[in-house]
1. If I filter the stretch 349-373 down to residues being under 25 Å from the mean Cα position of the chain (by Cα) and modelled with pLDDT of 85 or more, which single residue comes out as nearest to residue 388 (Cα to Cα)?
2. Answer with yes or no whether residue 8 is assigned by TED's automatic domain parsing to the domain that holds residue 322, surrounded by fewer than 16 Cβ atoms within 10 Å (Cβ to Cβ) and either part of a loop (DSSP other than H, G, I, E, B) or modelled with pLDDT of 85 or more (or both).
3. Spot the failing condition for residue 164; the list is (1) hydrophobic (A, V, I, L, M, F, W, C); (2) within 18 Å of residue 228 (Cα to Cα); (3) surrounded by fewer than 19 Cβ atoms within 10 Å (Cβ to Cβ), and only one is missed.
4. Quick check on this structure: which one of 226, 245, 234, 230 is among the β-branched types (Val, Ile, Thr) and under 24 Å from residue 299 (Cα atoms)?
5. Checking residue 43 against (1) at pLDDT 90 or above; (2) surrounded by fewer than 21 Cβ atoms within 10 Å (Cβ to Cβ); (3) within 21 Å of the chain's Cα centre (by Cα); (4) closer than 26 Å to residue 110 by Cα, which test does it fail?
6. Could you check the stretch 346-374 and list, in sequence order, the residues that are part of a strand (DSSP E or B), surrounded by fewer than 18 Cβ atoms within 10 Å (Cβ to Cβ), touching a strand residue (DSSP E or B) at 6+ places or on another chain (Cβ under 6 Å) and not aliphatic (A, V, I, L, M)?
7. State yes or no: is residue 42 over 30 Å from residue 369 (Cβ atoms) and touching a residue at least 40 places away in the same chain (Cβ under 8 Å)?
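The values are calculated or read from the model by the stated rules, or taken from the named source; none is laboratory data. Owing to the predicted nature of the structure, the values given are computational and were not obtained by experimental measurement. Heads up, the Cβs are rebuilt from the backbone with ideal geometry, glycines too, and the neighbour counts pull from every protein chain shown.
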Amino acid sequence: MKILTTVMLYLMLFSAPYAKSQWVNQVLPISFPVASCYFPSANTGYIVGYGNLISKTSNGGTNWIDMSLPTTAENMNSVWFLNENTGFLCSTRDTLLYTTNGGINWTNHFYTVYQSDRIFFINGQTGWFTSNGLYKTTNAGINWFQISNQRAQSFIFINESTGWKINYTGSGNNELLKTTDGGVSWNVMFTTGNFRNLYSIDFINENTGWVCGYRGYIAKTENGGVNWTVQRDVETDALYIIDFVNPNTGWAAGDNSLVVRTTNGGSDWTNSSLSASRFQDIKFINENTGWMIGSFGKVYKTTNNGGLTSVSPDETQVKNYSLLQNYPNPFNPVTNLEFVIPDQEFVSLKVYDILGNEISVLVNEMKRAGSYTTEWNASEYPSGIYFYILSVKGKFVETKSMMLLK
């Protein structure tokens with residue numbers, strides 16, 4: 001649709017307000033110390049934590065319900081689902097719990113004398129969990145067998161054979177180990193020094209991976225863990241979880257609301273203003289949609305990799321529609337676009353070039369009342385003036401211009 005006549009009225013470029021955090025805050029029915037989350041689909045998800053508690057959503061996190069667990073389960077450390085109905089829980093007492101009906105009923109599926117800490121499946125058949133060693137299944141969790149007597153702080157596999165794990169050495173340091181036979185044998189790749197603890201590891205292929213840990217430490221390897229380059233080591237607070245959705249874009253989070261994001265493989269990290277005394281888990285189901293959970297029921301969701309956020313109407317006291325000026329402006333190549341709606345509406349936010357051609361759809365869905373910010377990356381477009389239009393069907397339309405300078 002051509003809109004040149006309309007948008008040419010808005011050629012003046014203005015400074016912008018400060019952009020808010022870029023995640024939607026979702027609310028659990030009970031505030032409890034959360035530990036792990038998993039989403040087998042865009043609609044269905046589970047969050048577990050301490051105090052024998054589990055919450056489930058069937059509508060992408062808009063609503064959550066509490067579900068019952070066996071009274072002997074105690075604290076939940078990790079959750080994984082093979083599909084919307086079949087899943088596993090790692091607990092401090094029953095070790096491994098199992099459901100086949102979407103969490104309505106749970107049975108004690110596998111028991112060891114130690115608690116189980118983390119569970120991970122690479123596909124519908126092959127998975128591992130840590131307890132007093134590393135256990136493996138090759139038949140979707142029907143049977144489990146121990147393949148290692150070493151516990152792991154964190155582990156990841158990128159196929160049925162190749163994986164990495166972090167071990168605590170007992171001397172205040174960590175070892176990072178690699179396997180190429182599915183976890184039967186492990187080789188030490190490096191050992192941290194100066195009491196440098198590592199807490200989380202993530203790989204996107206056999207060569208490229210990251211670790212994070214104490215004092216906001218992040219390091220990257222591009223040769224399967226043989227060599228590591230420190231990318232970040234500047235905080236007093238720890239990073240407990242790291243997750244990459246592609247070779248460029250990743251998130252890490254930890255203590256005291258510390259959340260950082262990169263869009264260039266970790267060469268640069270920027271802070272994000274999310275709030276939790278401690279973040280415990282990050283899960284993306286694709287490059288755009290993901291959840292981040294923190295202490296005492298903090299749940300955040302994004303639908304375009306951190307590009308949107310909402311604030312409660314009670315906090316903002318929204319009364320009018322508004323489209324604010326983008327920030328920064330001029331920009332290169334990323335800018336933030338903010339709008340406010342007073343009621344739940346179907347909202348459209350689109351970007352157009354100087355000729356009136358639609359080039360990007362940033363928002364096109366139902367939104368609750370609140371303030372929203374979306375990020376537009378113009379790396380594929382040339383320098384020049386662009387326009388963005390907020391449309392609320394039958395109620396509100398506003399256009400503003402912005403300038404890309406490369």
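1. It comes out as 349.
2. So residue 8 does not fit the description; no.
3. Residue 164 satisfies all of (1) hydrophobic (A, V, I, L, M, F, W, C); (2) within 18 Å of residue 228 (Cα to Cα); (3) surrounded by fewer than 19 Cβ atoms within 10 Å (Cβ to Cβ) except (3).
4. None of the others qualify; the one that does is 245.
5. All conditions pass for residue 43, except number (4).
6. Residues satisfying the conditions are 346, 348, 358, 360, 364.
7. Here the answer is no, as residue 42 does not meet what is asked.
Residue by residue, here is whether (1) hydroxyl-bearing (Ser, Thr, Tyr); (2) under 20 Å from residue 36 (Cα atoms); (3) surrounded by fewer than 18 Cβ atoms within 10 Å (Cβ to Cβ) holds:
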| site | (1), (2), (3) |
| --- | --- |
| 119 | no, yes, no |
| 123 | no, yes, yes |
| 127 | no, yes, no |
| 159 | no, no, yes |
| 177 | no, no, no |
